[in-house]
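**Student:** The structure's right below; bear with me while I get my questions together.
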Amino acid sequence: PVAARANQVWKVYGSGEAQVVALREVSVELQRGAFTAIMGPSGSGKSTLMHCLAGLDSVTRGDVHIGQTKVTGMKDKALTKLRRDQVGFIFQQFNLLPTLTAEENITLPLSIAGRKPDKAWFDTVIDTVGLRDRLKHRPTQLSGGQQQRVACARALVARPEVIFADEPTGNLDSKSGAEVLSFLRNSVREFGQTIVMVTHDPVAASYADRVIFLADGSIVSELYEPTADTVL
Ligand code: ADP
Ligand code: ADP
């Protein structure tokens, strides 16, 4: 089954002289349980593609599906609900709420959706991400790597159709980055989680099953089973 797909997607910002074509007829299918990295130079359309796939940005032409649901043309309210229930996000800047504990940050999206965390699943996620002894800490009491692992747990605990990670290791030293990447890798392998990650880092991309390279708004090449050598 396909977790998300873009079908002949164009994204144009602005109009007239100021017009920028960010995506040129991009088609891509993300299989459920796959870990895909998106790479490419600055300005090549990586963030735009991710935002379109996640239903955060509308497309100019073409369409996007998340699971079986066609996102393109959806009303705002339905789209908000779909994103809340089916999509998880991990950001470069962690984006945790400073007044909440790690545990409260992790369960917040579920609370907002009116869902109760399943205790057994919550415990599995916490143990997989190695945060058992940090649950009562606030973000300022945690290292960058720990904060990003909280953000990873927050994304995974709702079991979304797709997790989108935007430069998840961009603010981390290599050891903390490796812990975050191992967690993402493990959640793919053990739980069949689908993940899409934008990254500049060939080592980060080497954890993925597939790397898509963008240039000037188009997919220019793809690599399966990458290693750090082949990504470079
Ligand atoms: P990347 O993530 O690969 O750096 P982006 O998707 O951010 O690339 O940007 C692709 C192109 O679209 C760039 O030329 C960028 O300047 C342009 N762009 C991105 N967002 C906007 C926007 N909101 N308004 C106008 N142009 C934008
Ligand atoms: P463990 O499950 O024992 O914690 P690791 O954290 O070392 O194992 O790795 C988790 C997953 O990430 C494994 O599937 C491993 O093959 C993969 N992995 C570890 N290091 C790299 C790397 N440098 N490049 C690509 N994949 C890696």
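The values are calculated or read from the model by the stated rules, or taken from the named source; none is laboratory data. Since we're looking at a predicted model, the values are computed, not measured. Here the Cβ is made from the backbone with ideal geometry for all residues, glycine too, and neighbour counts use every protein chain on show. With ligands, DNA and RNA removed, areas are computed over all heavy atoms of the protein, side chains included. Shrake-Rupley method; radii C 1.70, N 1.55, O 1.52, S 1.80 Å.
**Student:** Starting from the range 153-178, take each residue that is among the charged types (D, E, K, R) and list its partners that are within 16 Å of ligand 2 (Cβ to nearest atom) and open to solvent by 20 Å² or more (accessible area, probe 1.4 Å), counting only C-beta distances under 6 angstrom and pairs at least six apart or across chains.
**Tutor:** none
**Student:** Check F191 against each of (1) open to solvent by less than 40 Å² (accessible area, probe 1.4 Å); (2) at pLDDT 95 or above and name the one condition it does not meet.
**Tutor:** With (1) open to solvent by less than 40 Å² (accessible area, probe 1.4 Å); (2) at pLDDT 95 or above applied to F191, the lone miss is (1).
**Student:** Report, by residue number, each residue of the range 100-139 that is open to solvent by 30 Å² or more (accessible area, probe 1.4 Å), among the polar types (S, T, N, Q) and within 17 Å of I163 (Cα to Cα).
**Tutor:** T128
**Student:** What tally of residues in the range 93-120 results from selecting those that are within 15 Å of A54 (Cβ to Cβ) and at pLDDT 95 or above?
**Tutor:** 1
**Student:** Check off (1) within 12 Å of ligand 2 (Cβ to nearest atom); (2) among the basic types (K, R); (3) closer than 17 Å to F89 by Cβ for K175 and give me the number that stays unchecked.
**Tutor:** (3)
So that you can scan it fast, the table gives a plain yes or no per residue for (1) assigned to a helix (DSSP H, G or I); (2) within 13 Å of the chain's Cα centre (by Cα); (3) in contact (Cβ under 8 Å) with a residue 12 or more places away in the chain; (4) within 21 Å of F35 (Cβ to Cβ):
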site	(1), (2), (3), (4)
L108	yes, no, yes, no
S111	yes, no, no, no
Q148	yes, yes, yes, yes
R189	yes, no, no, yes
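**Student:** Here are the criteria: (1) out of contact with any His (no Cβ under 7 Å at 6 or more places or on another chain); (2) within 19 Å of G88 (Cβ to Cβ); (3) surrounded by fewer than 19 Cβ atoms within 10 Å (Cβ to Cβ). Tell me which single one R24 does not satisfy.
**Tutor:** If we test R24 against (1) out of contact with any His (no Cβ under 7 Å at 6 or more places or on another chain); (2) within 19 Å of G88 (Cβ to Cβ); (3) surrounded by fewer than 19 Cβ atoms within 10 Å (Cβ to Cβ), just (2) comes out false.
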